[in-house]
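These notes are about the structure you will find just below.
The values are calculated or read from the model by the stated rules, or taken from the named source; none is laboratory data. Being a predicted model, the structure only gives us computed values, none of them experimental. Cβ placement follows ideal geometry from the backbone for every residue including glycine, while neighbour counts extend to all protein chains displayed. Accessible surface is based on the protein model in full, side chains and every heavy atom, while ligands, DNA and RNA are left aside. Shrake-Rupley method; radii C 1.70, N 1.55, O 1.52, S 1.80 Å.
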Amino acid sequence: EDQVTQSPEALRLQEGESSSLNCSYTVSGLRGLFWYRQDPGKGPEFLFTLYSAGEEKEKERLKATLTKKESFLHITAPKPEDSATYLCAVQLYNTDKLIFGTGTRLQVFP
Amino acid sequence: EPEVTQTPSHQVTQMGQEVILRCVPISNHLYFYWYRQILGQKVEFLVSFYNNEISEKSEIFDDQFSVERPDGSNFTLKIRSTKLEDSAMYFCASKLDSRNTGELFFGEGSRLTVL
């Protein structure tokens, strides 16, 4: 069965304290891996697309990386406004649907 | 900035009643989706819609569910006879074309509470 697992479930950081979120996947035929941010009571907001192992994408304080088994979302010197739930999703070949993980709830304190 | 809009933001209904959730996708987008998120659980795929027909649906999307694009701008999800377990946040999403794969634009969601 295709599975996406995110860890940790929750993460509390001090402002400026860098860390990484993990997304591991067990799927048959990965077409792409995607990171989304979700604020409370809102819909997911697209952040990154990764297609192949070794690929990296960056946006402000966030950097996403991909290996053959997992992806990391690195947060450098986070700010309180980075507080949100970060969702990982995969798409397989021959399907249009996204399979989401349960997310990592990040809280950044000043 | 263009956005996906959903109405209502919250609907409370009695078990067995019909519910219609409405969405206006981004105007030049071609692919449309419904996802749902039960409180505290994963975002789950329900259905995808392209060229005025369902292109893919999940096992959740049974005969009680239907989708429609009645007028070229709205995209609706109908639940014919709601059950308690249908209580969830329902998200509409759209994307421009097939090249964008997983880059979906989500609406803010419609919270459905079934009593």
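Just report the Cα centroid separation between the range B:50-85 and the range A:54-71, whole Å.
Value for the Cα centre distance between the two parts: 34 Å.
What distance in nm separates the simple spin-label points at A:ASN94 and B:ASP71, each placed 7 Å from Cα in the Cβ direction?
4.0 nm
If you take the accessible area of A alone plus B alone and subtract the pair, what total do you get in square angstrom, rounded to 100, with a 1.4 Å probe?
What A and B bury together is about 1700 Å².
Can you give the local net charge around A:CYS23? Use residues other than it whose beta-carbon is closer than 12 angstrom to its beta-carbon, Lys and Arg +1, Asp and Glu -1.
Within the 12 Å Cβ shell, the charges total 0.
Quick one: of A:LYS63/B:LYS42; A:LYS63/B:LYS95; A:LYS97/B:LYS42; A:LYS79/B:LYS42, which pairs are farther than 19 Å apart, Cα to Cα?
Beyond 19 Å between Cα atoms: A:LYS63/B:LYS42; A:LYS63/B:LYS95; A:LYS79/B:LYS42.
Please report how far the C-alpha centroid of the range B:12-36 lies from that of the range A:72-89, rounded to the nearest whole angstrom.
Going from one Cα centre to the other spans 29 Å.
As I understand it, the dipole of the range A:3-109 uses +1 on the Cβ of Lys and Arg and -1 on the Cβ of Asp and Glu, about the Cα centre. Which of A:THR95, A:SER52, A:SER7 lies farthest toward its positive end?
Final value for the positive-end residue is A:THR95.
What translational diffusion coefficient, to the nearest whole µm²/s, does the protein assembly as shown have by Stokes-Einstein, given a Kirkwood radius computed over alpha-carbon pairs, a temperature of 20 °C and 1.002 mPa s viscosity?
Working: Rh = 18.1 Å.
The estimated diffusion coefficient comes to 118 µm²/s.
Sorted from largest down, give the three principal axis spans of the alpha carbons of chain A, whole angstrom values.
Here the spans come out as 44, 30, 20 Å, largest first.
Take chain A, connect every pair of alpha-carbon atoms lying under 10 Å apart with a spring to form a Gaussian network, then pick out the residue of A:GLY41, A:GLY16, A:GLY29 with the largest mean-square fluctuation.
Top of the fluctuation ranking is A:GLY41.
Looking at the range A:41-89, which residues lose a minimum of 20 Å² of accessible area between their chain alone and all protein chains in place, measuring with a 1.4 Å probe and not counting ligands or nucleic acids?
Buried-area filter returns A:GLY41, A:LYS42, A:GLY43, A:PRO44, A:PHE46, A:TYR51.
For chain B, what is the accessible area per residue in Å² when the probe is 1.4 Å? Don't jump to the answer; show the numbers that get you there.
Details: 5880 Å² over 115 residues.
Ligands and nucleic acids excluded, the figure is 51 Å² per residue.
Report in % the part of the accessible area of the protein assembly as shown that belongs to carbon and sulfur, leaving out ligands and nucleic acids; probe 1.4 Å.
Looking at the protein assembly as shown in its full context, I get 46 percent from C and S.
When the scattering of the range B:14-97 is computed by the Debye formula from its Cα atoms alone, each counted once and equally, what is log10 I(q)/I(0) at q = 0.27 Å⁻¹?
Results for the range B:14-97 at q = 0.27 Å⁻¹ read -1.49.
Quick query: amide H of B:SER55 versus all other amide H atoms, modeled in the peptide plane; which residues come in under 5 Å with a sequence gap of 5 or more or a different chain?
Long-range HN contacts for B:SER55: B:SER48, B:PHE49, B:TYR50.
Anything losing 30 Å² or more of accessible area from the isolated chain to the full protein assembly: pick those residues out of the range B:39-69, probe 1.4 Å, ligands and DNA/RNA ignored.
Buried by 30 Å² or more upon assembly, which counts only protein chains, are B:LYS42, B:VAL43, B:PHE45, B:GLU56.
Between beta-carbons, use under 9 Å as the cut-off and find the net charge around A:PRO110, counting Lys and Arg +1, Asp and Glu -1.
Charge balance near A:PRO110 sits at 0.
Compute the signed sum of charges (Lys and Arg +1, Asp and Glu -1) over the other residues within less than 9 Å, Cβ to Cβ, of B:GLU18.
On the way: positive: B:LYS78, B:ARG80; negative: none.
Neighbour charge sum, excluding B:GLU18 itself: +2.
For the range A:66-110, which chymotrypsin sites (Phe, Trp or Tyr not before Pro) are in a loop by DSSP, counting at most 12 other Cβ atoms within 10 Å?
Counting only loop positions with at most 12 other Cβ atoms within 10 Å, the chymotrypsin sites (Phe, Trp or Tyr not before Pro) in the range A:66-110 are A:TYR93.
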